[in-house]
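Coordinate-derived values only; no laboratory data. Please read all numbers here as calculations on a predicted model, not as lab measurements. Neighbour counts run over all protein chains shown; Cβ positions are idealised from the backbone, glycine included.
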Amino acid sequence: MKYLLISVLTALLLSANVLALRGQQVTPQDVYSCFRALNVSDLPFLINAYDKGFKDRRITPSMALTLCQRLAQSAAPIGLREGVLRVIGLALIEELPVTMLVDKALEGLAKGVALEAINDELAQRKATLSEVKALFAHKGIRISLTIRFGAVTLELTLEAVDAAITEAARALEDYVRAGQRIEDATAIKATVQRYLASNRAIPVTLVSFIEQIVSAPEWAQLAQNVANRLKK
Amino acid sequence: MHEHELEQLIKETIVQRAQAHQDRIADLEYRVVDALPDRPAALELRPTWPMRLALATAAILLFLGGFWLGGTLSDGPPCADPYVLCLVYPNAKSVSLVGQLTHWERQPMHGPDRHGIWWIRLPRDLEPGRYEYGFMVDEYHWVHDPRAREFVHTFDNKINSVLIWPPSQGDAP
């Protein structure tokens, strides 16, 4: 009888824990409440943009809430804090992957970087993402399309294409910011391919396909664009 | 009488006397033991539940204490372990790991040991990939990991270290 009672009590406690954990799951409403608490000037735009991001599965409510909460801790003027949310919101509306942007924003906030600099960096990286996406689209790399590479057929998922765009953009940004030679198209292409290969979300077939269809001068042109934006 | 004759006489006299009293001292030790009063029964230990619990707790504490002592007396943090990130910074008051691994939250590191080494263990279930990170020393000072194999330039041209996971053979973490 005693053991039965202990078992029942343990089961009840475990159930309570599971329910409590479910209760803690972040919802879009939690994110919007955080936006409201920040007192942003254009709440409808942010709700619209992030709602699309949640539906498209490009950002999770948990990621968005973390970003909003860290921005809330900043002492910078609200306009600058809202700027971060806005750049990412614009990227979501343009159907760009935003993991790199959220990541950079969190990095800047963690390091205590001025919000003007964070906003500049996000705008530059968003432009790079946009250019890589356009290049890929031009080459037939789009979500839900099927590519044929040799004997292999691969249907492109949102996760794979977004990861490829992100890694390529990250590779270009890192290459240029490290001060390496923009003229060395072969080195730029090698860097992009290395970044693509390091991400397990990108199928090997897609990595090989990109290597085949995107030329070194095309990557070099995008690297040049990154360098031009950094000079401004 | 010579000296040796006297010695011989003494020895013989002792032997004769001892033989004469042989019967009286034969069972002396048994008689002494028999004459002793009965002792109370030996203390009997019956392990009760509280005693068992106390013993188990003591065993666990000894086990954990051994680990702690082993760690304290060992040569230092296990920096050769690929799951451990280390930084030598003897003068720091605090060092935190900050990066994609921690979602850019500050994760305090252990240390310093007597060589000024700070260290932190990576999660065992770390997904394969590239992770940018660095160390925040004394709350505001950004320091890259000199043991990393790759670096990237970020805000204010500061440097992030890159962890490639899993490391290829011979790579530092």
Check which residues have an amide H placed less than 5 Å from residue A:178's amide H, if you skip close sequence neighbours. B:153
Work out which helices of chain B, taken as complete DSSP H runs, extend at least 24 Å along their axis over the Cα atoms and score a mean Kyte-Doolittle of 1.0 or more, then list them. B:49-73
For region B:84-165: rounded, prolate or oblate by the Cα gyration tensor [a/c cutoff 1.5]: oblate
Output the relative contact order of region A:49-173, whole-number percent, from Cα pairs under 8 angstrom with separation of 6+ residues. 22 percent
Set Lys and Arg Cβ to +1 and Asp and Glu Cβ to -1, take the dipole of chain B about its Cα centre, and tell me which of B:98, B:1, B:37 lies farthest positive. B:98
Given labels modelled 7 Å from the Cα in the Cβ direction, how far is it in nm from residue A:197 to residue A:227? 2.5 nm
Relative contact order in percent for region B:84-165 (Cα pairs under 8 Å, 6+ apart) equals 29 percent
Taking a ≥ b ≥ c as the square roots of the Cα gyration tensor eigenvalues, with a/c under 1.5 meaning rounded and otherwise prolate when a/b beats b/c or oblate if not, region A:112-164 comes out prolate
Rounded to the nearest 0.05, what FRET efficiency do residue A:30 and residue A:139 give with R0 = 30 Å and r taken as the Cβ-Cβ distance? Could you check? 0.15
Could you give log10 I(q)/I(0) at q = 0.14 Å⁻¹ for region A:24-139, computed by the Debye formula over C-alpha point scatterers of equal weight, without solvent? -0.53
Running a GNM on chain A with Cα contacts under 10 Å, which residue among A:31, A:84, A:152 ends up with the highest mean-square fluctuation? A:152
Looking only at B:101, B:28, B:53, which one moves most when chain B is put into a Gaussian network model with springs between Cα atoms under 10 Å? B:28
Could you size up the charge dipole of region A:98-161 around its Cα centre, putting +1 on the beta carbon of Lys and Arg and -1 on that of Asp and Glu, and report it in debye to the nearest 20? 280 debye
So how do A:118, B:10 line up by other beta-carbon neighbours within 10 Å, fewest first? B:10, A:118
Relative exposure of A:184, B:23, judged by other C-beta atoms within 10 Å (fewest first): B:23, A:184
Show me, for region A:215-221, the HN-Hα J-couplings you get by feeding each phi into the Karplus relation (A = 6.51, B = -1.76, C = 1.60, θ = phi - 60°), rounded to Hz, glycine and proline as x. 7, 4, x, 5, 5, 4, 4
Which distance in nm do the two modelled labels at residue B:35 and residue A:123 give, with both placed 7 Å along the Cα-to-Cβ direction? 11.3 nm
Gaussian network model of chain B, Cα within-10 Å springs - most flexible of B:87, B:97, B:126: B:126
Separation of alpha-carbon centers, region A:171-232 and region A:29-100, rounded to whole Å: 29 Å
Sequence gap at least 6, Cα distance under 8 Å: using those rules, report the relative contact order of region A:165-212 to the nearest whole percent. 39 percent
Nearest-ten-degree value, helix A:28-38 long axis tilted from longest Cα axis of chain A: 80 degrees
How do B:95, A:161, B:15 rank when sorted from fewest to most other Cβ atoms within 10 Å of their own Cβ? B:15, A:161, B:95
Quick one: net charge around residue B:138, please, counting Lys, Arg +1 and Asp, Glu -1 for every other residue with C-beta under 15 Å from its C-beta. +2
Global geometry of chain A, whether rounded, prolate or oblate, following the gyration tensor of its Cα atoms and the 1.5 cut on a/c: oblate
